[in-house]
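Notes follow once the structure below has been shown.
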Amino acid sequence: QVQLVESGGGLVQPGGSLRLSCAASGRMFSIYTMGWYRQAPGKQRELVARITSGGITNYADSVKGRFTISRDNAKNTVYLQMNSLKPADTAVYFCNSYPSLDSWGQGTQVTVSS
């Protein structure tokens, strides 16, 4: 059972950047593929990026080339660097394993608006 705490969200203008962090508890963190998910009003939660225990990454088409997922296993932390942000990126961002487990953190709000 991994406890997850997301942080780093906020209000940013279109074209701006944010770096999200996900602090995870548990000694087994390093074995999981981890993902960043987001949920916007009126939309389903979607996986936007994932990273394996070995550092292999995968991105949704909507964020490819703009977002970068990374991890620091020694710190039990997953990051999401978000660049060239668009209003369509506005959502609550969550981290979880991939495939996800039914234990979610509170998420962190990202709002992209001028």
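Given R0 = 22 Å, the distance between the Cβ atoms of T57 and M28 translates into a calculated FRET efficiency of 0.60.
When both the range 1-35 and the range 64-114 are represented by their alpha-carbon centers, they are found 6 Å apart. Equivalent-ellipsoid semi-axes for the chain (Cα gyration tensor, √(5λ), whole Å, largest first): 22, 14, 13. The phi-based Karplus calculation (6.51 cos²θ - 1.76 cosθ + 1.60; θ = phi - 60°) puts the 3J(HN,Hα) values of the range 17-27 at 9, 9, 10, 9, 10, 10, 9, 10, 8, x, 6 Hz, whole numbers, x for Gly and Pro. Note on the chain: with charges restricted to the Cβ of Lys and Arg (+1) and Asp and Glu (-1), its dipole about the Cα centre is near 140 debye. With the cut-off at 1.5 for a/c, could you classify the range 60-114 from its C-alpha gyration tensor as rounded, prolate or oblate? It comes out prolate by the Cα gyration axes. When only Cα pairs under 8 Å and 6 or more residues apart are kept, what is the percent relative contact order across the range 64-105? Across the range 64-105, relative contact order equals 27 percent.
For the range 66-89, the residues whose backbone nitrogen is under 12 Å from a point 7 Å from the Cα of E46, taken along Cα to Cβ, are 88-89. For the chain, relative contact order (Cα pairs under 8 Å, six or more residues apart, normalised by length) works out to 37 percent.
Read-outs throughout are calculated quantities, based only on the coordinates presented, and are distinct from any laboratory measurement. Predicted model only: the values in this text are computed from it and were never measured. When we count neighbours, we look across all protein chains shown, and the Cβ atoms used for this are built from the backbone with ideal geometry, even at glycine.
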